[in-house]
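Here the structure is laid out as structure tokens; the discussion comes afterwards.
The values are calculated or read from the model by the stated rules, or taken from the named source; none is laboratory data. The shown structure was predicted, so the numbers you read here are calculated from the model rather than taken from an experiment. We place every Cβ from the backbone using ideal geometry, glycine too, and count neighbours over all the protein chains shown. Protein only, heavy atoms only, side chains kept; ligands, DNA and RNA dropped before computing areas. Shrake-Rupley method; radii C 1.70, N 1.55, O 1.52, S 1.80 Å.
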Amino acid sequence: DSCYNNMFSGCTSLTTAPELPATTLANACYRYMLNSCTGLTQAPELKATKLADYCYNGMFWNCTNLTTAPELPATTLASDCYREMFHGCTSLTTAPELPATTLAYWCYRDMFQGCTSLTTAPELPATTLANSCYYQMFDGCTSLTQAPELPATTLANYCYDSMFQGCTSLTQSPELPATKMEQYCYNGMFYGCTSLTQAPELPATT
């Protein structure tokens, strides 16, 4: 657990990350590993398909010159696994594909928070959500113009909480087909989306 935690944190002249061949991860193993490596332009390959709690938490936090994200092939997530992974990566223009259909508590929390150059969101195919799974996922992504489809019909507490908060270029909201609500499920979801011209239909009657 926590084996490479903060290993290169603050190494501002580091331009190349090491290879990371592990396919089975441990709790917090890469947590904040390359935090604030502002000279890093390319991420290492991340081949793991078996994740662990907090495994990639904050891994590329504030890597302001990172332009491309690595592929993330896992389909079953763990608690906080991608939390804050690209927080503050202001040069990141494209998000990786996120094929997971089995989510976990806070799995995508703040994943792209403050990625001000991100223009396109990844597809989010899960139909059953977990508590706080998308919490603040795109908070402050001021260049994001289109939200991903959100097909889930089984919601969870705080699942979409503040998901698109401060996305000032977002003009259209996704469809929200769920009819059974949970506590705070849509709390602050589009807070501060000043360009949003059309709200989604909200079919829930209870």
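Below, the figures for the structure above:
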{"read-out": "Any hit, region 74-82, residues being of a type in the set (S, T, N, Q), in contact with a Leu (Cβ under 9 Å, 6 or more places away or on another chain), open to solvent by 10 Å² or more (accessible area, probe 1.4 Å) and under 27 Å from residue 14 (Cβ atoms)", "value": "no"}
{"read-out": "Residue match in region 128-148 (condition: open to solvent by 40 Å² or more (accessible area, probe 1.4 Å), of a type in the set (A, V, I, L, M) and modelled with pLDDT of 95 or more)", "value": "no"}
{"read-out": "Flag if residue 143 is among the small types (Gly, Ala, Ser) and in contact with an Asp or Glu (Cβ under 9 Å, 6 or more places away or on another chain)", "value": "no"}
{"read-out": "Selected residue (only one of 27, 57, 62, 35 is at positive phi, in a loop (DSSP other than H, G, I, E, B) and of a type outside the set (Gly, Ala, Ser))", "value": "62"}
{"read-out": "Single residue of 127, 76, 94, 102 found to be hydroxyl-bearing (Ser, Thr, Tyr) and more than 24 Å from residue 158 (Cβ to Cβ)", "value": "94"}
{"read-out": "One residue from 52, 43 being closer than 17 Å to residue 108 by Cα and among the small types (Gly, Ala, Ser)", "value": "52"}
